Amino acid sequence: MIIVANQPVQLFPSEWSAFEWYWLQQLQNRPIRYVYQSMDHLHFEWNLRESLVDAAEGLNRSGVSFASFEDSRCNPAFWNRNAQGGFELRPDVTPADGIRDIWRNGRLYAFECATATVIVLYGGVLGSIREDAFNSLFRNLLLFDWHYDSDLRLTEKNGKETALPGDVLYFKNPDVSPKTPEWQGENTIMLRENWYYGHGIGIASGPEIIQTLNQFRFPGSRTSAYLMDMVIYPDFLYLSRYAKNASNGNPDASTPVLPGQMYVRVGGSRYLRT
């Protein structure tokens with residue numbers, strides 16, 4: 001059930017894309033309460049979720065390659081590769097242009113799956129908020145592993161069965177062979193029911209991802225890879241004040257952290273490692 005401003009709402013298909021309408025119908029028919037502060041909040045979240053799915057599918061088609069940090073590469077016209085294999089935005093390039101170039105010139109880029117996931121998050125947000133706001137929020141971008149700008153306000157909760165399109169989920173391979181440590185797991189973006197994008201694997205079902213990871217266990221292992229219960233997503237309400245059609249909203253607006261959720265924070269910066 002969808003609740004907006006403390007009230008159930010009636011929705012009309014003419015106001016939504018086909019993607020949004022399909023998923024909103026799924027939410028309306030579930031016993032779980034999906035709570036939104038306003039219709040603008042509801043519209044923005046599902047616009048961003050669709051943008052995240054589009055970004056993941058587009059990255060899969062872009063020609064980017066999988067590589068370890070040691071072998072990573074980027075377009076030097078937009079990014080400087082540092083000694084750790086991360087990409088630092090050139091000072092003469094805007095964040096929006098730097099992110100867009102990854103889709104436009106994908107064959108010039110190679111990185112591992114955690115970096116790919118953060119890139120999808122930035123690409124999805126870029127498709128949903130004003131470009132000037134994106135450039136202001138995400139100055140001095142660094143693309144490296146699970147480093148990300150705090151203005152994404154990534155939130156973590158348990159409950160893989162509640163995951164929705166655009167959410168980040170992780171498939172763990174606990175018995176990974178020491179010869180292939182890069183296959184210790186797969187960061188993924190959920191696209192639809194039981195279908196995911198994972199850089200290095202591509203678009204695949206959950207069982208297909210597990211089957212792939214199981215090929216990289218140490219000999220004799222009987223422990224299968226599995227989908228972890230962790231679900232990660234950006235703070236939709238906070239980002240909604242930068243929506244392309246938004247007026248200046250409450251600068252302190254933020255999605256409440258509910259029981260079982262936490263903002264992902266290590267020290268004074270935001271960082272995730274699975």
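The values are calculated or read from the model by the stated rules, or taken from the named source; none is laboratory data. None of the values given here were measured: they were computed from a predicted structure. Using ideal geometry, Cβ is built from the backbone for each residue, glycine included, and neighbour counts are taken over all protein chains shown. Keep in mind that these areas ignore ligands, DNA and RNA; they rest on the heavy atoms of the full protein, side chains included. Shrake-Rupley method; radii C 1.70, N 1.55, O 1.52, S 1.80 Å.
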Kirkwood Rh and Cα-based Rg: tell me the resulting Rg over Rh for the range 1-130, rounded to two decimals. 1.11
What number, in nm² with one decimal, is the all-direction average of the projected area of the convex hull of the alpha-carbon atoms of the range 152-213? 4.8 nm²
In square angstrom, what is the accessible area per residue of the chain with a 1.4 angstrom probe? 47 Å²
If contacts are Cα pairs under 8 angstrom and at least 6 residues apart, what is the relative contact order of the range 1-66 in percent? 40 percent
Using a 1.4 Å probe on the protein heavy atoms, what percent of the accessible area of the range 65-113 belongs to carbon and sulfur? 49 percent
Using 7 Å Cα-to-Cβ label points, what is the Trp195/Arg33 separation (nm, one decimal)? 3.3 nm
Using all C-alpha to C-alpha distances in the range 7-63, build P(r) with 5 Å bins and read off the rounded percent in each one. 4, 16, 25, 24, 14, 8, 5, 3, 0, 0
Which order do you get for Ser14, Ser38 if you rank them by accessible area with a 1.4 Å probe, largest at the top? Ser14, Ser38
For Cα Rg over 2.2 N^0.38 Å, calculated from these coordinates, the label among (i) 1.15; (ii) 1.01; (iii) 0.96: (ii)
In whole Å, how far is the Cα centre of the range 123-148 from that of the range 1-44? 27 Å
Bin by bin, in steps of 10 Å, what percent of the Cα pairs in the range 49-110 do you find, going until the bin that has the longest distance? 23, 51, 25, 1
With every protein chain present, what accessible area does Met230 have (1.4 Å probe, heavy atoms only), rounded to the nearest 10 Å²? 30 Å²
Among trypsin sites (Lys or Arg not before Pro) in the range 1-100, those in a DSSP loop whose Cβ has at most 14 other Cβ atoms within 10 Å are Arg33
Nonlocal amide H pairs with Val9, under 5 Å, H built at 1.01 Å: Ile2, Val4
With DNA, RNA and ligands ignored, accessible area of Trp23 (1.4 Å probe; Å², nearest 10): 10 Å²
Sorted from largest down, give the three principal axis spans of the alpha carbons of the range 45-198, whole angstrom values. 43, 40, 27
